[in-house]
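Written below as structure tokens is the structure these notes are about.
The values are calculated or read from the model by the stated rules, or taken from the named source; none is laboratory data. Just so it is clear, the structure is predicted and the values come from calculations on it, not from any experiment. Here the Cβ is made from the backbone with ideal geometry for all residues, glycine too, and neighbour counts use every protein chain on show. Surface areas here come from the heavy atoms of the whole protein model, side chains and all, with no ligands, DNA or RNA. Shrake-Rupley method; radii C 1.70, N 1.55, O 1.52, S 1.80 Å.
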Amino acid sequence: MRIGLFTDTYRPSINGIVYVVESLKKHLEAEGHEVFIFCPARSIRPSQHATTFDEDEHVIRFPSIKGAFYDDYDTSLFFPPRVLAKIKELDLDVIHFFTPGQVGMMGVYAAHKTNTPLIAQHCTDLRQYVEHYTDGLLLPGLLMLIGLVPFAVKVNGKDIREIMKMYRPRRGSVQWNIEIVERVVTLIYSKCDAVIALSRKSKEQLESWQIDENYCYDVTLMPNGVDKLKAPTKKQLDAFREEWNISPKDEVFGFVGRLGAEKNLAMLIPTLDKVAAKRPRAKLLFVGDFEYRETLEELARNSDSSDRIIFTGALPRVDLGVAYAAMDVFVFPSLTDTQGWVIHEAALAGLPLVLVDRDLSEVLEPGVNGMYANNNVEDLAKVLVDLFAHPKKRKEFGEASQKLARRFTEKRQVAKLISMYEDVIEQHDS
């Protein structure tokens, strides 16, 4: 098959969608398929780790403006008819898009114009994002997105009426943003041959938005596959601990990923204060970067446990194994993710898991390999203190984490995706 992957974020950005697209390309090509990635072009962010990556004629980039509406979102600039001509030349068998931005919508447009099977993968909880990012630039971006819909998909009179309703001002921009997200996503996904949700949470959310029988569609639960990172040598682990002043006797809980405001990370700092009152060797490790890091560092400076909080910055993915190995418990407080790639990585590294979102991950079974905590400092601290006080339980949880996460290897999940591609192509052509 000749497969087109359309994404509004790609290298040199560092995030879950980038890892997913790279992983899919690698495994699909290993199975003999030809894969083309359509993505924005941009220069590397100074705060990010300089990462080398190979590109060829199978990575097609569009000029873009960084952060026009949202700091980690690229607004691509291109002439759709010219791009469409290029896509037609590629004679794609299936188009798979990951983001409903300009590049993603170009994929939708191309699928419509070339009668190519179309698959949507719901990678971002947009509803939660618009609740967190409430500045005045987000609404114009969403209104612009609405304007793309009639050009991207085949619309009828009812569709046009639905689109026009979205331009009607609401009381408060946040509620307006939420309604736009729910209606636009539902309209676009209803025009697809298949829709993938990465978690039960996302599947139930997308289904709940289908309040109009004219815009109903099936949602397939298919988490992204994640493979185990290379384990560090003892020398590498010792060097990492020495660099960040971590003793093997310390009790470390940590987070790996983008340090964004929407990730609910601020609660980890007062949580450490409470944990340290009962576990004097407790430390908190942040591995990652983004604009919210400065806020977290300020909170850390004002904490009673400031000398116990570590910020490593972003690390290349090939080096993340040592960061997981330096932890005793992995904590993921986010309520806005759709799967959490790093949860799988942490589980495969043999860590107990503590999550706040109870419908997010297929690799956490409470009481088997980790625990859920309520979304408050007191309960999260209580869960962590209990885990630190019971090393045997942590060891058992860590072993169970590896077993549960192995169900979702990259190769196994890509095989399911290939089967979906084949099914939608057959049904589309029938």
Inset, instruction - Within region 297-352, count every residue that is more than 14 Å from Asn369 (Cα to Cα), part of a loop (DSSP other than H, G, I, E, B) and either free of Cβ contacts under 8 Å to residues at least 24 places away in the same chain or among the charged types (D, E, K, R) (or both). - result: 3
Inset, instruction - Check off (1) open to solvent by 10 Å² or more (accessible area, probe 1.4 Å); (2) modelled with pLDDT of 95 or more for Ala346 and give me the number that stays unchecked. - result: (1)
Inset, instruction - Count, please, the residues in region 388-399 that happen to be within 14 Å of Ile343 (Cβ to Cβ) and either free of Cβ contacts under 8 Å to residues at least 40 places away in the same chain or not in a helix (DSSP H, G or I) (or both). - result: 0
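Per-residue answers, yes or no, for (1) buried (at least 17 other Cβ atoms within 10 Å of the Cβ); (2) closer than 17 Å to Tyr217 by Cβ; (3) at pLDDT 95 or above:
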position	(1), (2), (3)
Arg82	no, no, no
Ala85	no, no, no
Asp93	yes, no, yes
His96	yes, yes, yes
Pro100	yes, yes, no
Leu118	yes, yes, yes
Gln121	yes, yes, yes
Gln128	yes, no, no
Legend entry - Identity of the residue in region 152-184, more than 28 Å from the chain's Cα centre (by Cα) and over 28 Å from Pro117 (Cα atoms), that ends up least open to solvent (accessible area, probe 1.4 Å): Arg170
Inset, instruction - Could you please find all residues in region 349-362 being within 18 Å of Leu387 (Cβ to Cβ) and open to solvent by 20 Å² or more (accessible area, probe 1.4 Å)? - result: Ala349, Gly350, Arg358
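Checking the structure you have, find out if any residue of region 218-233 is among the hydroxyl-bearing types (Ser, Thr, Tyr), outside any strand (DSSP E or B) and closer than 17 Å to Val354 by Cβ. Walk me through how you get there before you give the answer.
So in region 218-233, the residues among the hydroxyl-bearing types (Ser, Thr, Tyr) come out as 220, 233.
The next check asks that each one be outside any strand (DSSP E or B); those that pass are 233.
Adding the requirement that they be closer than 17 Å to Val354 by Cβ leaves none.
No, because not a single residue in region 218-233 is among the hydroxyl-bearing types (Ser, Thr, Tyr), outside any strand (DSSP E or B) and closer than 17 Å to Val354 by Cβ.
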